[in-house]
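Q: A single structure is presented below for examination.
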Amino acid sequence: MNEYDSNRLYDTVKKIGYEKTQNYEDANCYLLNTCHIRDKAKEKVYHEIGRVKKIFRSKQKPLVIIAGCVAQAENQEMLKREPYIDLVIGPQSYHKINDTILNHIEKRKKIEETEFDAVSKFQYLSKIKNESGKVSSFLTIQEGCDKFCHFCVVPYTRGPEYSRPFNQIIDEAKYLADNGTKEIILLGQNVNAYDNEGYKLSNLIMEIEKLTQIKRIRYTTSHPKDMTDDLIEVYGVSKKLMPLVHLPVQSGSDKVLKLMNRKHVIKDYLKIYERLKKINSTVEFSSDFIIAYPGEDKNAFESTLNLIKKIKFINSFSFIFSPRPGTVASNLKLIERKVSLERLELVQKELFNYQLEKNRSLKNKVINVLVENKTKKSIKFFGRSEYMTPVIFDGNDEDVGKIIKVKITNSNQNTLFGERVEKLNLRVA
Ligand code: SAM
Ligand code: SF4
């Protein structure tokens, strides 16, 4: 979502004359978009500002803007602690960025904008074209969260759950499709909680499916509690919804899920898994795990390993619990660091094994790849499989934006390597 936000911030500041630069030294405005989901985020920001200060020591100071969730969480504090920062803008106030910049330039006043105003933000942004121009583009449909898991800052930094109007999203999808996008990734902190006057995520998927230029649809990040029947059924009818379901479970233990205030149990999760597999046997799962959450005893940890063995997630994120200021879990007694690290290692070993296994099983198979671009400094091309796995292969410039057949010749944990099938045929001829 930060990538989407950064692009939209750029689309916005372009209106008052700013252009991106690859060189720090050329900049007269420095805009840092920040994430607050795990620890050290705040310190990273001050560290980065220290770096900028050094670069501009003998030059004119740029306008320094901190955006994103660290800005939201720290607000006034940032302006007090680091006078080099000029403006602080929270994620629901991006629509005010141009006025804030112009106001600052005119009055030389430090400004903090951290109100939650998602409705106005998206109304404003809908008038500014999404110029991503990428083969695979993000599209935010929902923001914020009302679930208040005890470990999570999102309800505090992104505010209450908000779903963008259905037509506003379809208009943005059409604009992206008309401008080169072939894959749309629908975004939200709780994307499957999307509900706008009765329109659900399943309706959005089926509506976007009608856009002929769009070849693939994905969504992230979803919550097990909102995996409703209509969404599950879409996997049986949609031709464009990709078969990778990213469904964070966090822990394999009901006891820990309760301590986390997750509002789902493992039985619910397994039911979703079984129903989806029945509707579409090609569906695979990926997930998020929080390891060593306070209260995770040996048995609870074993339950997480057992769940991984059962589902065989093919691509997942796993992190040690990181206490976040202001959340219910912020003051709980932490599990010893050594034990936490050992558990993380065990979980990752198990997860990476399935990832490797899945990739190896594709050797000599021909898969569909949506080609995104040429790799940097190389003649190879980059695309993704239906399961989001990066694929590097020998291709042609004309392949970009197309779904082509690639024969997989090799792989590692994260990447598949292959050759374009038509090219192979030519060689045989
Ligand atoms: N809404 C999704 C859900 O409920 O499953 C997850 C969205 S959250 C923004 C992204 C991921 O960050 C979570 O799934 C969780 O694994 C991780 N995360 C959030 N807070 C964390 C914390 N305090 N420590 C470690 N990981 C955390
Ligand atoms: Fe955070 Fe997801 Fe829980 Fe909401 S549901 S509080 S975004 S982890």
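Q: Can you figure out the FRET efficiency of residue 345 with residue 414, using R₀ = 25 Å and their beta-carbon distance, to the nearest 0.05?
A: Values: r = 18 Å, r/R0 = 0.71.
About 0.90, to the nearest 0.05.
Q: Under 5 Å between amide hydrogens, which residues at least 5 positions from residue 374 or on another chain qualify, with H placed 1.01 Å from N in the peptide plane?
A: 382
Q: Along the Cα→Cβ direction, 7 angstrom out, place labels at residue 228 and residue 63. What is the inter-label distance in nm?
A: According to this spin-label approximation, the distance is 4.3 nm.
Q: So, one more: Mind listing the phi-derived Karplus ³J(HN,Hα) values for the range 350-355, rounded to whole Hz, using 6.51, -1.76 and 1.60 with θ = phi - 60°, and x for any glycine or proline?
A: Computed from phi, the couplings for the range 350-355 are 5, 5, 5, 4, 5, 5 Hz.
Q: Counting helices only, and only those DSSP H runs with n ≥ 4, report the 222 nm mean residue ellipticity of the chain as the sum of -39,500 (n - 2.57) divided by its residues, in deg cm²/dmol to the nearest 500.
A: Working: 15 runs with 160 residues, N = 429.
Mean residue ellipticity, 222 nm, calculated: -11000 deg cm²/dmol.
Q: Separate question: Rounded to whole Å, give me the distance from the Cα center of the range 1-65 to that of the range 171-235.
A: If we compute the Cα centre of each part, the gap is 31 Å.
Q: Another question about this same structure. Among 50, 95, 2, whose Cα projects farthest towards the positive end of the dipole of the range 2-115, with charges put on the beta-carbon of Lys, Arg (+1) and Asp, Glu (-1)?
A: 50
Q: Only Cα pairs under 8 Å and at least 6 apart count here; give the relative contact order of the range 2-115 as a rounded whole percent. Display every interim value, and only then the final one.
A: On the way: 145 pairs, mean separation 27.9, N = 114.
Over the range 2-115, the number comes to 24 percent.
Q: Also, quick follow-up: Could you derive backbone 3J(HN,Hα) for the range 264-275 from the dihedral phi with the Karplus parameters 6.51, -1.76 and 1.60 (θ = phi - 60°), listing whole Hz in sequence and x where the residue is Gly or Pro?
A: Taking θ as phi minus 60°, the curve returns 8, 10, 5, 4, 4, 5, 5, 4, 4, 4, 5, 5 Hz for the range 264-275.
Q: Taking R0 as 30 Å, what's the FRET efficiency between residue 319 and residue 398 from their Cβ-Cβ distance, rounded to 0.05? Kindly include the intermediate steps, with their values, before the conclusion.
A: Values: r = 41 Å, r/R0 = 1.35.
It comes out at approximately 0.15.
Q: A follow-up question, please. Counting only C-alpha contacts under 8 Å and six or more residues apart, can you give the relative contact order of the range 129-242 as a whole percent? Kindly include the intermediate steps, with their values, before the conclusion.
A: Numbers: 197 pairs, mean separation 31.8, N = 114.
In percent, rounded to a whole number, it is 28.
Q: Also, I was wondering about something else. Give me the Å³ per residue figure for the convex hull around the C-alpha atoms of the chain.
A: On the way: hull volume 67.8 nm³, N = 429.
Expressed per residue, the convex hull around the Cα atoms of the chain is 158 Å³.
Q: Then there is this: To the nearest 20 Debye, how big is the dipole of the range 366-420 about its Cα centre, given +1 on the beta carbon of each Lys and Arg and -1 on that of each Asp and Glu? Don't jump to the answer; show the numbers that get you there.
A: Details: 9 positive and 7 negative charges, 27 e Å.
Here the size comes out at about 120 debye.
Q: Output the relative contact order of the chain, whole-number percent, from Cα pairs under 8 angstrom with separation of 6+ residues. List each step's numbers first, then the result.
A: Working: 782 pairs, mean separation 43.7, N = 429.
Over the chain, the number comes to 10 percent.
Q: Once amide H atoms are placed 1.01 Å from N in the peptide plane, what residues at a sequence separation of 5 or more from residue 241, or on another chain, have their amide H within under 5 Å of its amide H?
A: 217
Q: Which one, 340, 105, 201, is farthest towards the positive end of the dipole of the chain when Lys and Arg carry +1 and Asp and Glu -1 on their Cβ?
A: Checked the options; the winner is 340.
Q: Provide the percentage of antiparallel DSSP beta bridges, counting only those with both residues in the chain; round to the nearest 5. Walk me through the intermediate numbers first.
A: Values: 22 of 57 bridges.
Once the DSSP bridges in the chain are tallied, antiparallel ones form about 40 percent.
Q: What list of whole percents do you get for P(r) of the range 157-224, with Cα-Cα distances grouped in 10 Å bins up to the one holding the largest distance?
A: 20, 54, 23, 2
Q: Please list, in chain and number order, the residues 5+ apart from residue 30 or on another chain whose amide H is under 5 Å from its amide H, with Hs placed from the backbone.
A: So residue 30 has HN proximity to 63, 64, 65.
Q: Just how far, in whole angstrom, is the range 239-308 from the range 138-169 if you go by their alpha carbon centroids?
A: The range 138-169 and the range 239-308 have Cα centres spaced 21 Å from each other.
Q: Dipole size in debye (nearest 20) for the chain around its Cα centre, Lys and Arg Cβ +1, Asp and Glu Cβ -1? Present the calculation step by step, with values, prior to reporting the outcome.
A: Details: 72 positive and 56 negative charges, 236 e Å.
Using Cβ point charges on Lys, Arg, Asp and Glu, the chain gives about 1140 debye.
Q: Could you give each residue of the range 123-128 its phi-based ³J(HN,Hα) in whole Hz, using Karplus coefficients 6.51, -1.76, 1.60 with θ = phi - 60°, and x for Gly or Pro?
A: Along the range 123-128, the couplings run 4, 5, 5, 5, 8, 10 Hz.
Q: In µm²/s, what is D for the range 110-250 at 10 °C and 1.306 mPa s, where D = kT/(6 pi eta Rh) by Stokes-Einstein and Rh is the Kirkwood radius from Cα pairs? Walk me through the intermediate numbers first.
A: Working: Rh = 15.7 Å.
My calculation gives 101 µm²/s for D.
Every number in this text was worked out from the coordinates using simple rules, so none of it is lab data. Not measured: the values here are computed from a predicted model. Cβ coordinates were reconstructed from backbone atoms using ideal geometry, including for glycine residues, and neighbour counts include every protein chain displayed.
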